[in-house]
Amino acid sequence: MITTTDQLKWTVPGPRPLPILGRAAMVLRFATDSIGVSRDLFQTYGPVVSLTAGGGTNLYSPLPNCPGTVFTYGPEYVRQVTSQHEIYYKYPLSGGLYRKRDESKRTEPLKHFGVGLFGVNGLTHRQHRQLLMPAFHKQRIDSYRDNIVAITQSVLEQLPIDKPTDIAEVMRLLTLRVATKTLFGCDLGEEGGKTGRTLQKALAMQGTVGVALLPFDLPGLPYHHLLNLMAQLDDEMRVLIRRKRASGTDDGDVLSMLIQARDAESGVALTEDELLGHTGVIFAAGHETSANALTWTLFLLSQHPEVAADLLDELESVLHSEAPTVEQLQQLPLLERVIKESMRVLPLIPWNGRVTSQPTELGGYALPAGTEVLVSIYQTHHMPEVYPEPERFNPKRWEGFEPTMFEYNPFSAGSRICIGAGFAMLEIKIVLAMLLQKYRLQYLPQQRVERCGFIVMTPKHGMPMMVHKQDRQFAQGVGGVQGNVREMVQLPG
Ligand code: HEM
């Protein structure tokens, strides 16, 4: 248990809190635009900075009396924070909400959803990760290929041609269906599939301002609605787990596999509560992320016609208009580079959070126990020392270039590295390969493209694009992009 008593003096540099509004104003500014605010702080104070001078802010830590918030970036600090597991602990992303887990029967589900692997450290984390690993082994992941292809096919067939369509929404639905199918073994419309929808609603509500500002269980308030959803979810998932457990078979989905999993030494299985937690986190971490990786990549391709043309040449020469097999994915090096470069320049998870379990030191500054430390994946990926012309979307830079995992870490680094990275890459590659052979997506002139979101970076106004049958007219719709995406990546005129 971390105690935050006997605190050291806070020395990490940062801006002085504004008069009257003080620290709350900085927290709000950061929550509104974490990338812009932190970029300015790094420029002014260096690679280890505090959200406010003197500390006293709390963005992520669910512990009481958080001494303050520190931001950092760069390979050396990424290494220290992601590989010193006994010093840098991980906590559920639901932060302040998680604190309310023991208040009543109604708040109990907050213990499970959005917690899973994120909520365990040390030996427990190692044991649980071991239990989960088989569901993410390469062989197992490859077996999800047919489902991904079938769902992608059905989504692509329904895309309206020559009409503006919000591609962010399409990708969200696609990955939601894939996550539901691979996790629970059912598609959204099927029995059991509706649990995917409930889970999505509950997770989306967890991060809303209304829930954060008014966490009171009173009818009419969003927090009350969230607790109702959680209760419904709890019921639905327990029924699903009991049904799958009673059948005693591995149906090929992740949940069946987790139910069957046993600790190698003790033979102990995951409890029902633990299953709820892990399933919730795998689901949460697994579809919103891939959806945004796809959306940002499609946007970048729409603004880089030569890359789009070369990529289509590669896809057609290997796949001949068909969906890729797992083996064929190995023969598509440009596809891999495009995705890597997209996740470098616009990493959809811009931050990686930890809380110090004991007093420590970072960049020459003493950090008290309980300090929240947020590592900027975004800023690390934009270091000119590692990536010349960092704001240029240039998939070619990956030819013969292999940065360390501390220099390039869209999936984080160390033993907490994203367990679903292989699955995500499989899904993103299949969807792009199928979509780009069939359609050309054109950016609609004058649409604003703005970043938003703290945990997952999403386009604030969605991504409306025109869907054309693939006609190779890649120069159409290039240029004229408005919005703060231009601060992150160089775009034509
Ligand atoms: C493009 C897609 C994705 C990105 C960029 C991404 C990124 C990340 C990052 C940055 C972390 C934090 C690691 C840390 O704390 O150091 C993480 C953890 C995690 N991710 Fe992903 N992820 C993606 C897709 C997925 C998918 C598809 C799944 C599951 C199907 C998944 C499941 C998880 C889980 C369970 C963890 C917790 C790992 C642990 O604490 O041991 N992720 N991911």
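Numbers for the structure displayed
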quantity	calculated
Residue in region 197-204 that is β-branched (Val, Ile, Thr) and under 22 Å from the mean Cα position of the chain (by Cα) present	yes
Set VAL81, VAL70, VAL49: member being within 20 Å of the chain's Cα centre (by Cα), crowded, with 19+ Cβ neighbours inside 10 Å and on the phi < 0 side of the Ramachandran plot	VAL81
Identity of the residue in region 103-150, within 14 Å of the ligand (Cβ to nearest atom) and of a type in the set (Val, Ile, Thr), that ends up modelled with the lowest pLDDT	VAL115
Filter pass, LYS194 being in contact (Cβ under 8 Å) with a residue 24 or more places away in the chain, in contact with a strand residue (DSSP E or B) (Cβ under 7 Å, 6 or more places away or on another chain) and either within 19 Å of LEU276 (Cβ to Cβ) or within 11 Å of the ligand (Cβ to nearest atom) (or both)	no
Residue within region 174-187 that is modelled with pLDDT of 90 or more, over 21 Å from ILE241 (Cα atoms) and either part of a helix (DSSP H, G or I) or among the aliphatic types (A, V, I, L, M) (or both) present	yes
Odd one out for GLY267, checked against (1) within 30 Å of LEU335 (Cβ to Cβ); (2) more than 16 Å from the ligand (Cβ to nearest atom)	(1)
Region 414-431, subset more than 7 Å from the ligand (Cβ to nearest atom) and of a type in the set (A, V, I, L, M), residue nearest to VAL338 (Cα to Cα)	MET425
Check on MET405, within 16 Å of the ligand (Cβ to nearest atom), surrounded by fewer than 20 Cβ atoms within 10 Å (Cβ to Cβ) and part of a loop (DSSP other than H, G, I, E, B)	yes
Output for region 216-225, where each listed residue is part of a loop (DSSP other than H, G, I, E, B) and in contact (Cβ under 8 Å) with a residue 12 or more places away in the chain	ASP217
Any hit, region 278-298, residues being closer than 21 Å to SER342 by Cα, touching a residue at least 40 places away in the same chain (Cβ under 8 Å), more than 13 Å from the ligand (Cβ to nearest atom) and aliphatic (A, V, I, L, M)	yes
Residue tally, condition small (Gly, Ala, Ser) and either at pLDDT below 95 or on the phi > 0 side of the Ramachandran plot (or both), over region 292-334	1
Residue list for region 320-359, filter: crowded, with 19+ Cβ neighbours inside 10 Å, within 13 Å of the ligand (Cβ to nearest atom) and of a type outside the set (Val, Ile, Thr)	SER342, MET343, ARG344, LEU346, PRO347, LEU348, PRO350, TRP351, ASN352, GLY353, ARG354
Near pairs, Cβ below 7 angstrom, 6+ apart or cross-chain, from region 226-239 (over 17 Å from HIS278 (Cα atoms)) to any residue that is at pLDDT 90 or above and not in a helix (DSSP H, G or I)	LEU227/ASP217
Any chance HIS287 is modelled with pLDDT of 95 or more and not hydroxyl-bearing (Ser, Thr, Tyr)	no
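The values are calculated or read from the model by the stated rules, or taken from the named source; none is laboratory data. Owing to the predicted nature of the structure, the values given are computational and were not obtained by experimental measurement. In this analysis, Cβ positions are derived from the backbone assuming ideal geometry, glycine residues included, and neighbour counts consider all displayed protein chains.
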